[in-house]
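Note sheet for the following structure.
The values are calculated or read from the model by the stated rules, or taken from the named source; none is laboratory data. As the structure is a computational prediction, the values presented were derived from the model and not from experiment. Cβ placement follows ideal geometry from the backbone for every residue including glycine, while neighbour counts extend to all protein chains displayed.
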Amino acid sequence: MRIIPAQPGDVSKLLAFREEAAAWLTQLGSDQWQRAYPADRLLATIDVGTVFMVLDGDVTAATVTLTPEAEEGLWTPSELRQPSIFVNKLTVARSHAGLNVGGRLLDWAADRAYRAGAKWLRLDAWTTNEGLQRYYLRQGFEYVRTVRQGNAVNGGPRVSGWLAQRPAAPTEHGFDDRTPTPAVLDAEN
């Protein structure tokens, strides 16, 4: 399997990919990702080079977005002074479930974060998706805290505020990495 940067032409494929994941989550009883993701926001993240795809032949097996910016209101000013890369929208195709593609992708992300000079690979997960939280703990993340208030959109309860982090470190992920070398982070991102 190889990992590549997503391209603008991948928007419809990635939106369908997310819809597949949302349908699967609904079957599990989760309300995660039930709102459609705006295509223009996805295209903007693709354009800045933060969206990556894992390909198994011609099939998209997984995707992840990695950014040096945290969502507002989640991490403390002290935490934000530590160089970090933030995992967003990690999704594995149902056809590749159970093959550790997600775990390997998180290892790749930790390696990429390390090469960018980050101290941490951080994420926020759905506050009610305990299965997902357990998954991240099994992948070497440590729980930090849960932020329930301060949704940047409407000031109401936050749905994705379970915070976790793991050290950025070199890893053996096994992907054929065809992504550009990551830019080195500033001391304060």
Restricting attention to segment 51-74, does a residue exist that is more than 18 Å from Arg178 (Cβ to Cβ) and either aromatic (Phe, Trp, Tyr) or part of a helix (DSSP H, G or I) (or both)? no
Run down Thr67, Thr60 and say which single residue is under 11 Å from the mean Cα position of the chain (by Cα) and surrounded by 13 or more Cβ atoms within 10 Å (Cβ to Cβ). Thr67
For a quick check of your reading: which strands (runs of 3 or more DSSP E) sit entirely within segment 84-175 and have at least 3 residues that are under 19 Å from Pro5 (Cα atoms) and modelled with pLDDT of 95 or more? 84-92
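Among the residues of segment 63-78, how many are at negative phi and in contact (Cβ under 8 Å) with a residue 40 or more places away in the chain?
Looking only at that region, the number is 10.
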Being touching a residue at least 40 places away in the same chain (Cβ under 8 Å) and aromatic (Phe, Trp, Tyr) is the filter here; which residues of segment 80-113 pass it? Trp108
Looking at this structure, is Val147 surrounded by 15 or more Cβ atoms within 10 Å (Cβ to Cβ), over 14 Å from the mean Cα position of the chain (by Cα) and in contact (Cβ under 8 Å) with a residue 12 or more places away in the chain? yes
